[in-house]
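Chemist: One structure, as structure tokens, below. Some questions next.
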Amino acid sequence: MYKIAVMGAYDSIYGFAALGLDTFPVSDAKEGESVLKSLASGGYAVIYITEALAAEITHEINKYRDQPLPAIIQIPGVSGNTGAGVEGVKKSVEQAVGSDIIFSNN
């Protein structure tokens with residue numbers, strides 16, 4: 001059975017434990033790379049990662065982009081939303097569907 005993990009700064013992820021998700025507090029980029037590798041090879045189908053941490057380990061995340069599992073999804077942290085998570089989901093949908101499904105009225 002696949003599992004779901006959440007990784008990032010402790011303050012940003014501790015609430016996810018109440019939802020039954022496995023949480024992995026990470027304090028720096030080097031630790032983040034190590035934890036991501038471990039989770040990706042440890043039966044986790046979905047890995048939520050805070051946008052701030054994802055920005056620091058982009059090269060490691062990119063290694064999993066073309067693989068069906070794990071799905072690595074960026075979420076905002078306590079410092080706020082940078083928009084990187086939404087942009088990542090948008091790119092994934094564009095790739096799957098073949099076009100942009102989010103229309104802007106600007």
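Chemist: Determine the pairs where a residue that is farther than 14 Å from Val46 by Cα, located within region 12-27, has a partner that is loosely packed, with under 15 Cβ neighbours inside 10 Å and of a type in the set (Gly, Ala, Ser) with Cβ atoms under 8 Å apart, the partner being 6 or more residues away or on another chain.
Modeler: Cβ pairs passing all conditions: Ser12/Ser79.
Here is a yes/no grid of residues against (1) at pLDDT 90 or above; (2) outside any strand (DSSP E or B):
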{"residue": "Phe24", "(1), (2)": "yes, no"}
{"residue": "Ser34", "(1), (2)": "yes, yes"}
{"residue": "Leu39", "(1), (2)": "yes, yes"}
{"residue": "Val46", "(1), (2)": "yes, no"}
{"residue": "Gln95", "(1), (2)": "no, yes"}
{"residue": "Asp100", "(1), (2)": "no, yes"}
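Chemist: How many residues are part of a helix (DSSP H, G or I) and without any contact (Cβ under 8 Å) to a residue 12 or more places away in the chain if we restrict to region 51-68? Step through it out loud before you land on a result.
Modeler: First, pick out the residues of region 51-68 that are part of a helix (DSSP H, G or I): 51-56, 58-64.
Subset that is without any contact (Cβ under 8 Å) to a residue 12 or more places away in the chain: 58-59, 62-63.
Result for region 51-68: 4.
Chemist: For region 11-22, give me the residue count where each residue is buried (at least 18 other Cβ atoms within 10 Å of the Cβ) and outside any helix (DSSP H, G or I).
Modeler: Of the residues in region 11-22, 0 are buried (at least 18 other Cβ atoms within 10 Å of the Cβ) and outside any helix (DSSP H, G or I).
The values are calculated or read from the model by the stated rules, or taken from the named source; none is laboratory data. The structure presented is a predicted model; accordingly, all values stated were derived computationally and were not measured. Because the Cβ atoms are built from the backbone with ideal geometry, glycine has one as well, and the counts that use them run over all protein chains shown.
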